[in-house]
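First up is the structure itself, then whatever we jot down about it.
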């Protein structure tokens with residue numbers, strides 16, 4: 001079973017960032033994903049006046065559990081949307097384009113990945 005949960009302890013967030021090979025962002029919110037109790041990966045995200053931002057979507061080493069990462073990405077976007085922020089982008093390094101597109105991002109001509117969250121979760125399966 002896939003489980004996505006917030007990482008509430010900053011020391012744990014820092015440890016998982018090191019495990020996944022991404023920089024620790026102490027001011028970022030973070031989720032972790034597990035698939036059948038196997039750590040699948042984590043994401044760091046946040047919001048500001050410009051909108052919501054996914055800073056990292058990182059797989060755990062030696063895993064390819066894309067369904068868990070998909071659900072985690074949607075959970076982060078849902079949290080952003082529930083906070084009243086209806087536009088988000090991906091700001092991380094070299095993105096897994098297929099995963100970001102599956103989550104619901106669109107790639108703009110400049111290569112940036114963005115998503116309009118207005119109504120996105122009313123019918124999420126159509127995205």
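Any read-out appearing in this document is the output of simple, stated calculations on the displayed coordinates, not a laboratory observation. This structure is a prediction, so every number in the text was calculated from the model and none was measured.
What number, in percent, do you get for the relative contact order of the chain if the mean sequence gap of Cα pairs under 8 Å and at least 6 apart is divided by its residue count?
Reported as a whole number, the value is 19 percent.
Using percent of Cα pairs over 23 Å apart as the read-out, say which of (i) 19; (ii) 25; (iii) 45 was calculated from these coordinates.
Label of the calculated value: (ii).
Could you work out the equivalent-ellipsoid semi-axes for the range 37-79, taking the square root of 5 times each eigenvalue of the Cα gyration tensor, largest first, in whole Å?
Numbers: eigenvalues 99, 21, 9 Å².
Taking √(5λ) for each eigenvalue gives 22, 10, 7 Å, largest first.
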